[in-house]
Amino acid sequence: SGDLDIITVVPRKDVTRVKGDSRYVYQEVPGLRCYELRINNSKPPFDNVHLRRALAFAIDRQPIIDSVFFGIGTVADSLIAPTQGAFSARTPVF
């Protein structure tokens with residue numbers, strides 16, 4: 001029917017189209033979704049903590065957001081979102 005009251009998650013590929021349509025009000029709010037890369041650190045070479053830290057620092061996260069997530073999102077520095085009560089900006093990532 002063309003009617004829409006609310007949608008909680010707009011697919012990232014459709015955000016530009018939704019934002020450009022005057023029939024809709026698009027609002028972006030921080031969420032709890034977090035994507036991560038997991039490795040098996042019980043086997044070489046990832047059993048070496050220094051190598052794991054180097055790998056973590058070597059990954060440029062913004063281009064991943066830009067290309068995979070259509071530029072929607074922020075680079076997380078914690079698994080706890082800044083909007084959550086347990087978040088602390090002083091907790092180091094690595």
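Val15 passes every criterion in (1) open to solvent by 100 Å² or more (accessible area, probe 1.4 Å); (2) part of a helix (DSSP H, G or I); (3) in contact with an Asp or Glu (Cβ under 9 Å, 6 or more places away or on another chain) apart from (1). Annotation note: Cβ proximity below 7 Å between a residue of region 6-31 that is farther than 27 Å from Gly85 by Cα and hydrophobic (A, V, I, L, M, F, W, C) and a residue that is open to solvent by 100 Å² or more (accessible area, probe 1.4 Å) and assigned to a loop (DSSP other than H, G, I, E, B) (sequence gap 6+ or interchain) occurs for Val15/Phe70. If the condition is being open to solvent by less than 90 Å² (accessible area, probe 1.4 Å) and either part of a loop (DSSP other than H, G, I, E, B) or touching a residue at least 12 places away in the same chain (Cβ under 8 Å) (or both), then region 45-54 contributes Pro45, Phe46, Asp47, Asn48, Arg52. The residue that is farthest from Glu28 (Cα to Cα), counting only those in region 55-88 that are outside any loop (DSSP other than H, G, I, E, B) and more than 10 Å from the chain's Cα centre (by Cα), is Leu55. Within region 62-82, restricting attention to residues that are open to solvent by less than 80 Å² (accessible area, probe 1.4 Å) and not small (Gly, Ala, Ser), which residue is modelled with the lowest pLDDT? Taking the candidates together, the pick is Ile80.
The values are calculated or read from the model by the stated rules, or taken from the named source; none is laboratory data. What you are looking at is a predicted structure, and each value in this text was computed from that prediction instead of being measured. So basically every Cβ, Gly included, is an ideal-geometry build from the backbone, and we count neighbours across all protein chains shown. Side chains are part of the model used for accessible areas, which takes the heavy atoms of the whole protein and leaves out ligands, DNA and RNA. Shrake-Rupley method; radii C 1.70, N 1.55, O 1.52, S 1.80 Å.
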